[in-house]
Amino acid sequence: MRQFNRYLVTSALPYANGPLHIGHLAGAYLSADIYVRFQRLMGKDIVYICGSDEHGAAVTIKALKEGKTSQEIVDKYHSLFKKTFHDIGISFDMYHRTSAQIHHETSQEFFRSLHAQGQFIEKTTDQYYDEEAQRFLADRYIIGTCPNCGHEEAYGDQCEKCGSSLSPRELINPRSTISGSKPILKPTTHWFLPLDKYEAWLKEWIEKGEVDGKEYHDPAEWKNHVVGQCKSWLENGLLPRSMTRDLDWGVDVPTEIPGSEGKKLYVWMDAPIGYISATKQWALDQGKDWEPYWKSEDTALIHFIGKDNIVFHCIIFPAILKTEGSYILPVNVPANQFMNLEGKKLSTSKNWAVWVHEYLEDLPGKEDELRYCMIKNMPETRDSEFTWKGYQDSTNNELVNNLANFVNRVLVLTHKYYEGVVPAIDQDQQLAGPDGEMDISFHDSELIRLFDDLQELASGIRTYDFRGGLKTLMEISTKGNQILQFNAPWKLQKEDPEAVKTIMNLSLQYVAAISVACRPFMPFTSDKLRSMLSLSPIKEQGEFDDMLFRLCEGEVLIEEGHKIGEAKHLFTRIEDKVIEEQKEKLVARSASSEANKTAVAVAAESDVKAEVTFDDFTKMDIRTAKITAAEKVPKADKLLQIQLDLGFEQRTVVSGIAEHYTPDEVIGKQVCLLANLAPRKIRGVMSQGMILMAEDDSGKLSFIAPQDSWPAGMKIS
Ligand SMILES: [Zn+2]
């Protein structure tokens, strides 16, 4: 591992056209926050940079839709991001924004430099132009009929119905979303970065970590899926990529360059440069020099991102940096994979998400419970999943039963036996460790064990194995619990109070260690613990390093005679009701989301759902049934209330098919029913199961009909 004198850590700039959900958090922010907090605790010179990505067509389209200006849209999300990140404890040194003047200047300097070096290729191509609005149309501003599925509202870059990626020229009957008119093709000139020219050195850099014999990084430290994705891009061959767009929102192409009128920088050219402009702003505010953080060989530049941004951070941005000439390249890009939610992909447009700001409103004071569950399930090497049940289990079974329980027992007993004063120890005590052996230097040997565990935790974080680091933290707490359990001070106190002093002193050392070691993962808990122990708050200025040094020297972490504070509950149990409310909210919101109407069909045809086991499948009880009665649910356009005969019993089901079938059309039909679906009240009617339907790509629903001769109540498996 190369040694570095300073670190510059970035998290992907969130795009300012919608709030943050847990998938964002799991992708680029929590991981970086753990890493940065840890390096600060090790006394390193480290700067953590982020900001809002405020340019690009998606912002202007959102503004158009909502009847607002682009500036209003980005202002709204920039302040929401800033607050959300702060409230969930993401500890940026600088949270900046790309609409800032210093950013416009910095990205223009890059463009100028590449232009002056003759790196760009100018190319003229035909693009769609709206004559009424007198402007070129970005891909998203053009809608038309999808050539693949016939969907009439497909965008110029993608059909959201069938999921195929498109180019505007492929659309049948294209029209402008601004004026509604049919666009014409008109020539326009743009500046392309010839990525194909950089292929050779990019390949060397990715695969060997060196270029022309100069060492950059150790490829063994990079995640396999990151290297794999880069290799596949390189193997497919890179194409020149346009670094400019015809837009009215963004960073201007420097005006002295001929042909710059009406041209803006491509958002993926300007966004990563946002890391640099944010660093400049940070340095200005701190009275420091920004340049060593970006230009000195002894700086480790690390980009934390989600896997959808790998190509931009491992190919395009490095190409820009190296071509400019004076910048370093990242030593690692530890991209995470995706986090799914309750069995489905997180989706902003389908409103299938846990929004972080809403979580914080709904479950105030439970920042670390969310952080813990997300880190435990972090998609470090493969896609992972967040479920509310998992959240409840990790909180109740691990944070409450293990960590909070240990801390509480130690503090309560310290108050009970010693009025809150850390007891002195008798080094000659003979006590049992968890493995049952007797040891004369029990206290010392247990502290050595603690030291080893802390080292392991540190090594997890250093190698981006945050799940592993968190696991080690909880093992430390488990060992603390075992020390109490095996020695049972509550029994021993009468017969051997001296031994109890040793046990309690040791347990207090464990709690003190946890108050530092939990900091990267659960900063709010760290603050609570420090306050409960009456120890000075952690400032993230080398405290972990100091702790390791002390243990190494045989010193304690909390001194004899120190008076601790009051014991409070670190975590409380999450009740079933809370989880049910959150799950209901998720489903209800998603069902009413605009995109969901078409999305249901998309999911059916293009996305095969996540794998299930045979056991999962056998949990479902699917039966044949006959519809005996049906009526419309009052004031609900989509719902029918249906009576079913299952042979052995009658059921009432509320089904969302009223737009497809009248009550008369369904009476007498044979259907398939998911009979053991948990009953749910819909519009005041208790629905006891779900009728299975097939859906074609136009969204039309049909019954899955058993053969007429089959009786009701047959099992389907
Ligand atoms: Zn399509």
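Taken together, H217, H303 contain a single residue that is surrounded by 19 or more Cβ atoms within 10 Å (Cβ to Cβ), touching a strand residue (DSSP E or B) at 6+ places or on another chain (Cβ under 8 Å) and part of a strand (DSSP E or B), which is H303. Scanning the range 477-502 for residues that are buried (at least 23 other Cβ atoms within 10 Å of the Cβ) and in contact with a strand residue (DSSP E or B) (Cβ under 7 Å, 6 or more places away or on another chain) returns N487, T502. Checked against (1) in a helix (DSSP H, G or I); (2) modelled with pLDDT under 90; (3) hydrophobic (A, V, I, L, M, F, W, C), V608 passes all but a single condition, namely (1).
I need the full set of residues from the range 184-214 which are hydrophobic (A, V, I, L, M, F, W, C), within 34 Å of the chain's Cα centre (by Cα) and under 30 Å from D252 (Cβ atoms), in order please. Show your work before the answer.
Start the filter on the range 184-214 by keeping residues that are hydrophobic (A, V, I, L, M, F, W, C), which leaves 184-185, 191-193, 195, 200-202, 205-206, 211.
Subset that is within 34 Å of the chain's Cα centre (by Cα): 191-193, 195, 200-202, 205-206, 211.
Once the filter is applied, which keeps residues that are hydrophobic (A, V, I, L, M, F, W, C), within 34 Å of the chain's Cα centre (by Cα) and under 30 Å from D252 (Cβ atoms), the range 184-214 yields W191, F192, L193, L195, L202.
Counting only residues that are within 13 Å of the ligand (Cβ to nearest atom) and in a strand (DSSP E or B), which one in the range 138-177 is surrounded by the fewest Cβ atoms within 10 Å (Cβ to Cβ)?
S165
Check K82, K123 and return the single one that is away from the ligand (no atom under 16 Å from the Cβ), without any contact (Cβ under 8 Å) to a residue 40 or more places away in the chain and surrounded by fewer than 19 Cβ atoms within 10 Å (Cβ to Cβ).
Values: K123 fails: without any contact (Cβ under 8 Å) to a residue 40 or more places away in the chain.
Answer to the selection: K82.
Taking the residues in the range 507-534 that are of a type outside the set (S, T, Y) and over 33 Å from the mean Cα position of the chain (by Cα) as candidates, determine which candidate is farthest from A458 (Cα to Cα). Talk me through it step by step, then tell me what you get.
Within the range 507-534, the first condition is being of a type outside the set (S, T, Y), and the residues that meet it are 508-509, 511-514, 516-524, 527-530, 532-533.
Pick out the ones that are also over 33 Å from the mean Cα position of the chain (by Cα) and you get 508-509.
Working: L508: 21, Q509: 18 Å.
By that ranking, first place goes to L508.
Output yes when any residue across the range 220-241 is more than 27 Å from T106 (Cβ to Cβ), within 16 Å of the ligand (Cβ to nearest atom) and assigned to a helix (DSSP H, G or I), and no when none is. No: zero hits. Residues in the range 186-214 that are in contact with a strand residue (DSSP E or B) (Cβ under 6 Å, 6 or more places away or on another chain) and among the hydroxyl-bearing types (S, T, Y): how many? Looking only at that region, the number is 2.
Residues that are part of a helix (DSSP H, G or I), at pLDDT 95 or above, out of contact with any Leu (no Cβ under 8 Å at 6 or more places or on another chain) and of a type in the set (A, V, I, L, M) are absent from the range 42-53 altogether. Taking the range 85-103, which residues are crowded, with 20+ Cβ neighbours inside 10 Å, over 22 Å from R371 (Cβ atoms) and not small (G, A, S)? Matches in the range 85-103: H96, R97, T98, H103.
The values are calculated or read from the model by the stated rules, or taken from the named source; none is laboratory data. In this text, all values refer to a predicted model and were calculated from it rather than measured experimentally. Positions of Cβ are generated from backbone atoms using ideal geometry, with glycine treated the same way; all protein chains shown enter the neighbour counts.
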